[in-house]
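J.: First, the structure itself, so that you have it in front of you.
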Amino acid sequence: EARRIALASNIDLLNLDRQAAIERRRTDLLRAERVPTPVFSFGALFNAPGEFNTGGRFALTMGVPLFNRNQGEIAGSLAATSQLQAQREATQRTIENALFGTVARIRAQRQRADAYTARLVPTAVDLESLAEESYRAGRTSVLSVLDAQRTVRDVRDEALQAGLDVQTSIAELEELLG
């Protein structure tokens, strides 16, 4: 579903689709110009001194494309259409890769954030409380308590950074989806 939305809302793909449609129409026009188009004309002539006063005129004009079959232009148009199709496929692959990469990054960052929330922060808090109890009992110095407090603060900072990374990746995914 996300892939469909990302591909449907991408401006580069829409632009390439429009250009390819224009080029296909140009190819059709060039092919149609290879067939001669008859032009019928009707008219009247008035006041031709010495010959007649009024007269009718009928004509059939047909350009025969003996030396100009538009083959060069048609080949160029077909090549341009192929090139636009290749560009579209490359752009589509780039979008899909970015989308799948972002989704994988979100999953990994969520696992990291969950690990901090579920295991690392509670373990660091427990170690801090053990260090405080050891200090109160006189078994360790104040330095071990300060070190445990610093560790808890660092682990909480890393947990917040992991949550921020998840939100940043979600914002990138929303940008890809349009």
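The values are calculated or read from the model by the stated rules, or taken from the named source; none is laboratory data. Keep in mind that what you see is a predicted model, and the values were worked out from it rather than measured. With ideal geometry, Cβ positions are generated from the backbone for all residues, glycine too; neighbour counts draw on all protein chains shown. Surface areas here come from the heavy atoms of the whole protein model, side chains and all, with no ligands, DNA or RNA. Shrake-Rupley method; radii C 1.70, N 1.55, O 1.52, S 1.80 Å.
J.: Out of the total accessible area of region 4-142 (probe 1.4 Å, heavy atoms of protein only), what percent is carbon and sulfur? Don't jump to the answer; show the numbers that get you there.
T.: Working: 5730 of 10110 Å².
After summing per-atom areas, the C and S share lands at 57 percent.
J.: OK, next. Apply the Karplus curve 6.51 cos²θ - 1.76 cosθ + 1.60, θ = phi - 60°, to the phi angles in region 35-47 and return the couplings in whole Hz, x for Gly and Pro.
T.: Computed from phi, the couplings for region 35-47 are 8, x, 10, x, 10, 9, 10, 10, x, 9, 10, 10, 6 Hz.
J.: From the backbone phi of region 93-100, what are the Karplus-calculated ³J(HN,Hα) couplings (6.51 cos²θ - 1.76 cosθ + 1.60, θ = phi - 60°) in whole Hz, Gly and Pro given as x?
T.: Karplus-based 3J(HN,Hα) across region 93-100 equals 5, 4, 5, 4, 4, 5, 5, 5 Hz.
J.: Relative contact order for region 1-105: what percent, with Cα pairs under 8 Å and sequence separation of 6 or more?
T.: Normalised by residue count, the contact order of region 1-105 is 35 percent.
J.: Report the rotationally averaged projected area of the chain based on its alpha-carbon convex hull, in square nanometres.
T.: Values: hull surface 79.3 nm².
For the chain, averaging the hull's shadow over all directions gives 19.8 nm².
J.: Considering only protein heavy atoms, with the full assembly of protein chains and a 1.4 angstrom probe, order Val121, Val152, Val39 by accessible area, largest first. Could the numbers behind the result be given before it?
T.: Numbers: Val121 30, Val152 5, Val39 80 Å².
So, going from the largest accessible area down, we get Val39, Val121, Val152.
J.: A follow-up question, please. Give me the percent relative contact order of the chain, please, defined on Cα pairs under 8 angstrom at least 6 residues apart.
T.: Reported relative contact order: 27 percent.
J.: At 1.4 Å probe radius, can you tell me the per residue accessible area of the chain in Å²?
T.: Result: 71 Å² per residue.
J.: Quick check: the distance between the Cα centres of region 127-157 and region 37-65, to the nearest angstrom?
T.: 109
J.: How large is the dipole of the chain about the Cα centre if only Lys and Arg carry +1 and Asp and Glu carry -1, each at its Cβ, rounded to the nearest 20 debye?
T.: Using only the charged Cβ atoms, the result is roughly 700 debye.
J.: P(r) of region 50-133 in 10 Å steps, Cα pairs, percent per bin?
T.: 12, 14, 12, 12, 11, 10, 8, 7, 5, 4, 3, 2, 1, 0
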